[in-house]
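What follows is a set of notes on a single structure, which appears directly below.
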Amino acid sequence: MARLSTPEDRALLTDLAQHPEKREPPLSWGLQFIVRGDVMLDNGSVVTLDELADEVDLPHLPYLEDLPDELEVDWDAPDS
């Protein structure tokens, strides 16, 4: 959010999204189901987004996206 991440920060976040088992629950659960987007089915089995993409022949989503360009705001402009 502050745009201060380093390449090492981004590498760590990508690695944790790829391998949530490297952390203990409940952090690993958040990494697996919120960050990575795995889906738990009614029977208790887990399906990854990569597996779902493979089923319909779509490319895999990135684990971490590049930040969009920063907005330029003129904070001194009068309110509209």
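The values are calculated or read from the model by the stated rules, or taken from the named source; none is laboratory data. Because the structure is a prediction, the values reported are computed rather than measured. Every residue, glycine as well, gets a Cβ built from its backbone with ideal geometry; the counts of neighbours run over all protein chains shown.
General observations
- Under the condition of being more than 12 Å from the chain's Cα centre (by Cα) and outside any loop (DSSP other than H, G, I, E, B), the residues counted in segment 13-45 number 7.
- If only residues of segment 1-36 that are of a type outside the set (S, T, Y) and in contact (Cβ under 8 Å) with a residue 40 or more places away in the chain are counted, the one that is surrounded by the fewest Cβ atoms within 10 Å (Cβ to Cβ) is R3.
- Among the conditions (1) surrounded by 10 or more Cβ atoms within 10 Å (Cβ to Cβ); (2) modelled with pLDDT of 95 or more, the only one that L61 does not satisfy is (2).
- Pairs are defined by a Cβ separation below 9 Å, a sequence spacing of at least 6 or placement on different chains, a first member in segment 46-64 that is under 14 Å from Q32 (Cα atoms) and polar (S, T, N, Q), and a second member that is part of a loop (DSSP other than H, G, I, E, B) and modelled with pLDDT of 95 or more; the pairs so defined are T48/D38.
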